[in-house]
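Engineer: First the structure, which I've put down as structure tokens, then a few questions once you've had a look.
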Amino acid sequence: MSAEYQVHGDVAVITLNNPPVNGLGLATRQGIVDGLGKAQADAGVKAIVITGAGGAFSGGADIKEFGTDKSLAEPNLHTVIAAIEQSAKPVIAAIHSVCMGGGLELALGCHYRVAAPGCSVALPEVKLGLLPGAGGTQRLPRVIGVEAALNMIVSGEAVKSEFIASVPGQKLFDKLAASPESLAEEALAFARSVADTRPLPLVRNLPCKHPQGDAYFQFARNMVKGMAKNFPAPAKCVDAVEAATKNKKFDDGLARERERFINLMWTAESRALRHLFFAERAASKIPDVPADTRKRDVKKVAVIGAGTMGGGIAMNFLNAGIPVVMLETKQEALERGVGTMRKNYEAQVKKGKLKQDKYDQRMALLTTTLDYADLKDADLVIEAVFEDMGVKEQVFKKLDEVMKPGAILASNTSTLDLNQIASFTKRPQDVVGLHFFSPANVMKLLEVVRGDATAHDVLATVMAVAKKIKKTAVVSGVCDGFIGNRMIEQYGRQAGFLLDEGCTPSQVDKAIEKFGFAMGPFRMGDLAGNDIGWAIRKRRAVEKPGMKYSKTADLLCERGRFGQKVGKGWYDYVAGKRDAIPNAEVEQMVAEHRQSLGITPRKISDEEIVQRLVYSLVNEAAHILEEGIANKASDIDVVYIFGYGFPVHRGGPLNYANEVGLFSVAQAMKRFAQNPQDDASFWQPAPLIERLVAEGKGF
Ligand code: 3HC
Ligand code: NAI
């Protein structure tokens, strides 16, 4: 049963009980309607309180039901709210902890609302590509005003109950309880105090107007257009709230809201966001590491190397209030690294994003050293020295000597074999990869690299640490490039072949940016430094001599065009600006190389560019899944959304492939395999794709 019914004297209490957040699934909705029925039938009951068990009043509709028959089945949320409004006895919502989406809409349907302080109140549907679909757009403006309501609906952000209660004139809460602990008692007392009040107040009967209606909604529309270019929901939120101010009949506004909600539910954008909601949460779950695995304490962290990555990594921990000791080989390197960290923080202070005292507190948690002996009390050490196996060997041997037993030894390597690194120690079970992305204090993604020997409690601990420092962690097995970079290499190869066949760098970038990528491959190369890929290809030429690449990127590097850091790469850059200006010399270089290969340039459509770039990611991902490097398809989507700027509204490469249909994706791959300028062997669809196509399934 997912709603409980109890009678306390003359007050009936209906308690939603559908863990983890009392989502309003079918059984819960039915439970509320049943409870209301019992309360109406019991002459001894004078008032009804609705509340939630555990850590939430309600987190809203049960998202797991979306897309299933249960989601719209009767009693739907409209029917439940109508039953509350029509109750002959007053219904009081006793709200605490989390009151969101359909949960808030349910509360707005009640005659009265008593809230505990500290409760997060939100209509977050827009974050799932939806609008509130059970009266939220019609009722919230009536209790907190049109502008405040529209801000909450369009942003989806939570507001604290005590803040709302402090706003003069608000009608959302009839009472703010003294504390979460006293809510139940105060709600019962409140229910008794209104038991005989008639007529019962309804939010639907309150007026809803904006003094400068047309001008205000025009302004709001312009704002959301700029902010949410790939998503239809925010504009629909504005339409729905405007309708609340214009419709003469409340139920007309409700009906239009419902229609818009159902239409949005079927959009690819909403499916993508719902997929990512669960994907992000699923990423932290590792199949063979139970959720109750005991974690090690991480109270102090050591970072080796104060370069580009070391400084950023250290900042994450300082921001979370965890002390860091940073080790380098030379005092100058330490000073340079700490200077960069200070500069980063100072920029945040200047922009008003960080208070001076917070900055001071964070820096006070940092110590520096040249001596390994100073690391011995750290619980976790993260190595971020040069990407060179010899240097890593020296460092890990030293760490093995000095670190206390049970300390976790992590490497930030982006390409080296973690198992080999672990073998430099006598405690490979304590070694793990923590692959941060640059800039490490900004990028949300963290690839956790699991070595053959990595212990379960080490994995459980670093996943928890990742959450503490606000990273989205995904587990990867050991292979060259792990999940993200292994896939991006194929994408980069395709970008090169496209140049050889007739594209210019800006044509490729524009096509994929129109698809929604934050940055095309050539602008990305210029930002990251083209010399990095150059070094990797040189190494590859030794390790994997058969791999086919376009030579254009090497030719570019031979001209010293390393990217933004030198003011020139695939594009030109003006100092202090990030605009990519196409360069005729580069285009000439590409054309000459093409000629040297004897290729007659052809016109390549944007569609082909996008398919080749995105499907190259998809095919490599399928191999990665099959080899067990990634645990699940959704993990790969999380890597690409949080680490590589893949368009959020497409839900990641594998969600996108599912949307297109794997049959079409495989057909396209087979077509690309026929292209003599491309790599036919790469374009054989991965066996996993062939199998899924044969079974009519998606990833
Ligand atoms: N339905 C089903 N499951 C939900 C859920 C929901 N509405 N909200 C959260 N969950 C689940 C999560 O999937 C997760 O499950 P797991 O433990 O199996 O992974 C668990 O609850 C805990 O979630 P979090 O890890 O996010 O826990 P937090 O404590 O950090 O956050 C929360 C709790 C603030 C409620 C957050 O989960 C959240 O923002 N949830 C989404 C709320 C939302 O979008 N509601 C609107 C739904 S649409 C709607 O109501 C339509 C209506 O207008 C008609
Ligand atoms: P970097 O060159 O900026 O910094 C490396 C630092 O390590 C230097 O300050 C150097 O003095 C120090 N160092 C070298 N040997 C040392 C030793 N024996 N003991 C202590 N300190 C030593 O390099 P970067 O870019 O910070 O890379 C570090 C690691 O992070 C590499 O393994 C790299 O592959 C990885 N990485 C880099 C990313 C990037 O975008 N730069 C992204 C993800 C991972």
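The values are calculated or read from the model by the stated rules, or taken from the named source; none is laboratory data. None of these values were measured; they are calculated from a predicted model. As a convention, Cβ positions derive from the backbone with ideal geometry for all residues, glycine included, and neighbour counts pool all protein chains shown. Side chains included, ligands, DNA and RNA excluded: accessible areas come from the protein's heavy atoms. Shrake-Rupley method; radii C 1.70, N 1.55, O 1.52, S 1.80 Å.
Engineer: If you put +1 on each Lys and Arg Cβ and -1 on each Asp and Glu Cβ, how big is the dipole of region 326-408 around its Cα centre, in Debye rounded to 20?
Structural biologist: 640
Engineer: Got the relative contact order for the chain handy, in percent, Cα pairs under 8 Å and 6 or more residues apart?
Structural biologist: After rounding, I find 9 percent.
Engineer: Next up: Put +1 on the Cβ of every Lys and Arg and -1 on every Asp and Glu Cβ in the chain; which of LEU140, ALA302, LEU106 then has its Cα farthest towards the positive end of the dipole?
Structural biologist: The listed residue farthest towards the positive side: LEU140.
Engineer: From the backbone phi of region 537-542, what are the Karplus-calculated ³J(HN,Hα) couplings (6.51 cos²θ - 1.76 cosθ + 1.60, θ = phi - 60°) in whole Hz, Gly and Pro given as x?
Structural biologist: So the J values, rounded to whole Hz, are 5, 5, 5, 4, 4, 7.
Engineer: Helix 456-468: angle to the longest alpha-carbon principal axis of the chain, degrees 0 to 90, nearest 10?
Structural biologist: Tilt of helix 456-468: around 70 degrees.
Engineer: Collect residues whose amide H, placed 1.01 Å from N in the peptide plane, falls under 5 Å from the amide H of ILE50; neighbours closer than 5 in sequence don't count.
Structural biologist: HN-HN under 5 Å from ILE50: ILE14, ILE92, ALA93, ALA94.
Engineer: Okay, moving on. Roll a 1.4 Å probe over the protein heavy atoms and report the accessible area of SER284 in Å², nearest 10.
Structural biologist: Here the residue's solvent-accessible area equals roughly 70 Å².
Engineer: Hey, another quick one. Hand me the trypsin sites (Lys or Arg not before Pro) from region 233-271 located in a DSSP loop with no more than 13 other Cβ atoms within 10 Å, in residue order please.
Structural biologist: Passing sites in region 233-271 are LYS248, LYS249.
Engineer: I would also like to ask the following. With +1 assigned to the C-beta of every Lys and Arg and -1 to the C-beta of every Asp and Glu, and no other charges, what is the dipole magnitude of region 659-699 about the Cα centre in debye, to the nearest 20?
Structural biologist: My answer is approximately 100 debye.
Engineer: Residue by residue through region 286-296, which ³J(HN,Hα) values in whole Hz follow from phi under the Karplus form 6.51 cos²θ - 1.76 cosθ + 1.60 (θ = phi - 60°), with glycine and proline marked x?
Structural biologist: So the J values, rounded to whole Hz, are 10, x, 9, 10, x, 4, 8, 4, 5, 9, 7.
Engineer: Ignoring ligands, DNA and RNA, what percent of the accessible area of the chain is carbon or sulfur (1.4 Å)?
Structural biologist: 55
Engineer: Arrange the peptides 644-652, 388-396 so that the one whose residues have, on average, the most other Cβ atoms within 10 Å appears first.
Structural biologist: Final packing ranking: 644-652, 388-396.
Engineer: Still on this model: Evaluate the relative contact order of region 546-699 (contact order divided by residue number), counting alpha-carbon pairs under 8 angstrom at least 6 apart; express in whole percent.
Structural biologist: It comes to 16 percent, rounded to a whole number.
Engineer: Explain nothing, just compute: Karplus ³J(HN,Hα) = 6.51 cos²θ - 1.76 cosθ + 1.60, θ = phi - 60°, for every residue of region 120-127 in order, whole Hz, x for Gly and Pro.
Structural biologist: Ordered by residue, 3J(HN,Hα) equals 8, 10, 7, 10, x, 3, 4, 6 Hz.
Engineer: Under 30 Å between alpha carbons: how many lysine pairs meet that in region 90-241, if sequence neighbours fewer than 8 apart on the same chain are excluded?
Structural biologist: 20
Engineer: At a temperature of 20 °C and a viscosity of 1.002 mPa s, determine how fast region 230-315 diffuses translationally according to Stokes-Einstein, using the Kirkwood radius over alpha-carbon pairs as Rh; express D in µm²/s, rounded to the nearest whole number.
Structural biologist: Once the numbers are plugged in, D ends up at 119 µm²/s.
Engineer: Calculate for the chain the 222 nm mean residue ellipticity that helices alone would give, adding -39,500 (n - 2.57) per DSSP H run of length 4 or more and normalising by residue count, nearest 500 deg cm²/dmol.
Structural biologist: Taking each H run of at least 4 residues, the total per residue is -15000 deg cm²/dmol.
Engineer: Could you tell me which trypsin sites (Lys or Arg not before Pro) in region 411-489 are loop residues by DSSP with no more than 11 other beta carbons within 10 angstrom of their beta carbon?
Structural biologist: Loop-located and lightly packed - LYS426, LYS470.
Engineer: Suppose all protein chains stay in the model; what accessible area per residue would a 1.4 Å probe give for region 102-222, in Å²?
Structural biologist: Each residue of region 102-222 exposes 40 Å² on average to a 1.4 Å probe.
Engineer: Now, a different point. Of all the Cα-Cα pairs you can form in the chain, what percent are over 41 Å apart?
Structural biologist: Pairs farther apart than 41 Å: 41 percent.
Engineer: Work out the P(r) tail for region 288-413: percent of alpha carbon pairs separated by more than 21 Å, whole number.
Structural biologist: The answer is 41 percent, as a whole percent.
Engineer: Just name one of ALA282, ILE48, ALA88: the one whose Cα is farthest towards the positive end of the charge dipole of the chain (beta-carbon charges, Lys/Arg +1, Asp/Glu -1).
Structural biologist: Of ALA282, ILE48, ALA88, it is ALA88.
Engineer: Between ASN583, GLY546, PHE517, whose Cα lies farthest towards the positive end of the dipole of region 499-611 when Lys and Arg beta carbons carry +1 and Asp and Glu beta carbons carry -1, centred on the Cα centre?
Structural biologist: Positive-end residue among those listed: GLY546.
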